[in-house]
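A quick write-up on the structure given underneath.
The values are calculated or read from the model by the stated rules, or taken from the named source; none is laboratory data. Only a predicted model underlies this, so the values are computations on that prediction, with no experimental measurement involved. Cβ coordinates were reconstructed from backbone atoms using ideal geometry, including for glycine residues, and neighbour counts include every protein chain displayed.
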Amino acid sequence: MEAERIAVAENCLHAAHDGSLSFPEIIGQLLAAGFEGYTVDYRRNTQAYYLPDGDSVAVDMHSSASKVAATFDASEVERLVRWAQANPADYSYVAFCEKAKAAGCAGYIVSFLGRRVLYFGRTAETHIEHFPN
């Protein structure tokens, strides 16, 4: 993968963690770089970004001491998504990640093509969120 695309992926991940870019801004930058989606894996602390030709890059996330809870709480994940969408003063991506893991979310798949995010638990239970219009 080109160094420029890897830099975009890394910059978007860092911007999510430090709050310098919003989710829509991050998606815009990833789309402009040609990515079709990405996967967040809370158990490995990585994000993988995918290109249409099958190429991908994995980027390490900030480490966290918290573990993914055993039970997946889809309603709590949905509540967390609404919290993120509202973007109140107390929101941060880091807090979202910690709360999602506490709700049993092991990770999620973002599909730009499908305009959705699929959240999943350790037992492969899922919750799907469609991108707002």
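Brief remarks on what is shown
- Scope region 53-78; condition touching an Asp or Glu at 6+ places or on another chain (Cβ under 6 Å) and closer than 23 Å to Gly19 by Cα; matching residues: Val59, Ser66
- Residue in region 28-42 that is among the polar types (S, T, N, Q) and at pLDDT below 95 present: no
- Any hit, region 83-96, residues being touching a residue at least 60 places away in the same chain (Cβ under 8 Å) and touching a Gly at 6+ places or on another chain (Cβ under 8 Å): yes
- Among residues of region 6-33 being surrounded by 14 or more Cβ atoms within 10 Å (Cβ to Cβ) and among the small types (Gly, Ala, Ser), the one that is nearest to Ala86 (Cα to Cα) is Ser22.
- In region 8-51, the residues that are β-branched (Val, Ile, Thr) and over 20 Å from Lys67 (Cα atoms): Val8, Ile26, Ile27
- Filter result for Asp41 (farther than 14 Å from His17 by Cα and under 11 Å from the mean Cα position of the chain (by Cα)): yes
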